[in-house]
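Written out below as C-alpha cells is the structure these notes cover.
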Amino acid sequence: MDTIDYKILSCLKENSRENATNISAKINLSTSAVIERIKKLESSGIIQQYTTIINQNALGRDLFAFMNVGLEHPKHYENFVKKINSNSAIAECYYVAGDFDFILKIVTKSGKGLEEILNYIKSIEGVSLTRTSVVLSENKREVCLLPDK
C-alpha cells in the first residue's frame, strides 16, 4: 500500500461505483494504472466487496438497539449463531470477551418489534442473560475504515 492506493481507496469509500476514469482525474494517474491498482487491491483482499448502504430510517426501521447476550455454556455457541444468522432484524453479531458472550445490533420498526426479537433471543437454548440498550441517536458510523497512511 502506498499513497496512491490510499487515494484510490478514499475515492471508492466515498462512492464504490466511481469509475476508474473519474478516479484517475482526481488523483492524477492514468485510467489503466487505476484499474490495475484496483485489481491488485481486490486480489490481495484489501477490497473485500462493493456494497450498497440502505437507509433503514427511510424503510421505517428507525429503532436500533444493541443487545449483550450471555450463554450458560460454550456448547450452545454453534446453535446460537445459527439462530441469530436466520433472523433478518439482527444486523450484526460479535462474539466478544468480557461479561457477555455476544453483542448484537438489532434494527426494527418499533418497540413491539424489539420485544419480539428479545423474546426470540431469550428462547434460544443456552441463553442465560441479556442486556439491551436502545439507541437514541447516531453520532458516528463508519462502514469502511481506511488503512493508516
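Every number in this text was worked out from the coordinates using simple rules, so none of it is lab data. Keep in mind that what you see is a predicted model, and the values were worked out from it rather than measured. Every residue, glycine among them, receives a Cβ derived from its backbone with ideal geometry; neighbour counts consider all protein chains shown.
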Assuming R0 = 25 Å, what is the FRET efficiency of LEU59 and LYS26, from their Cβ-Cβ distance, to the nearest 0.05?
-> 0.20
In whole angstrom, note down how far apart the Cα centers of segment 88-123 and segment 58-79 are.
-> 3
Return the lysines within reach of LYS83: Cα separation strictly under 23 angstrom, same-chain partners fewer than 8 residues apart disregarded; answer none if there are no such residues.
-> LYS75, LYS105, LYS109, LYS112, LYS122
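Ignoring everything except DSSP H segments at least 4 long, calculate the 222 nm mean residue ellipticity for the chain; use -39,500 (n - 2.57) per segment, divide by total residues, nearest 500. Walk me through the numbers before you get to the answer.
Working: 5 runs with 54 residues, N = 149.
Calculated at 222 nm, the ellipticity per residue is -11000 deg cm²/dmol.
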Expressed in nm to one decimal, what extension gain is obtained for the pair ARG141 and SER43 from 0.36 nm per residue of sequence separation less their Cα-Cα distance?
-> 32.6 nm
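For a footprinting-style exposure proxy, rank THR3, THR52, THR21 by other Cβ within 10 Å, fewest first.
Details: THR3 9, THR52 6, THR21 12.
Starting with the residue having the fewest Cβ neighbours, the order is THR52, THR3, THR21.
When Lys and Arg each count +1 and Asp and Glu each count -1, what net charge do the other residues less than 15 Å away from VAL107, Cβ to Cβ, add up to? Please report the intermediate quantities before stating the final value.
Values: positive: ARG61, LYS105, LYS109, LYS112, ARG141; negative: ASP62, GLU92, GLU115, GLU116, GLU138.
After counting each charged neighbour, the total is 0.
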Check each of the GluC sites (Glu not before Pro) in segment 1-104 and keep only those in coil by DSSP with at most 13 other C-beta atoms within 10 angstrom; list them in order.
-> GLU72
Looking only at lysines whose Cα falls under 27 Å of LYS149's and that sit 8 or more positions away or on another chain, we get LYS7, LYS13, LYS26, LYS39, LYS40, LYS140
1/(1 + (r/R0)^6) with r = Cβ-Cβ of VAL134 and ALA97, R0 = 41 Å, i.e. FRET efficiency to nearest 0.05, evaluates to 0.95
Are there any helices in the chain, counted as whole DSSP H runs, that stretch 15 Å or more along their axis by Cα and score at least -0.5 on average by Kyte-Doolittle, and if so which?
-> 3-14, 31-43, 111-122
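Using DSSP to define loop residues, name the trypsin sites (Lys or Arg not before Pro) in segment 2-77 whose beta-carbon has at most 14 other beta-carbon atoms within 10 Å.
Values: sites: LYS7, LYS13, ARG17, LYS26, ARG37, LYS39, LYS40, ARG61, LYS75; in loops: ARG17, ARG61.
Qualifying residues, ordered by number: ARG17.
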Give, rounded to the nearest 20 debye, the magnitude of the charge dipole that the chain has about its Cα centre when Lys and Arg contribute +1 at Cβ and Asp and Glu contribute -1 at Cβ.
-> 300
When the charge dipole of segment 1-81 is computed with +1 on Lys and Arg Cβ and -1 on Asp and Glu Cβ about the Cα centre, the Cα farthest towards its positive end, among LEU12, MET67, VAL81, belongs to LEU12
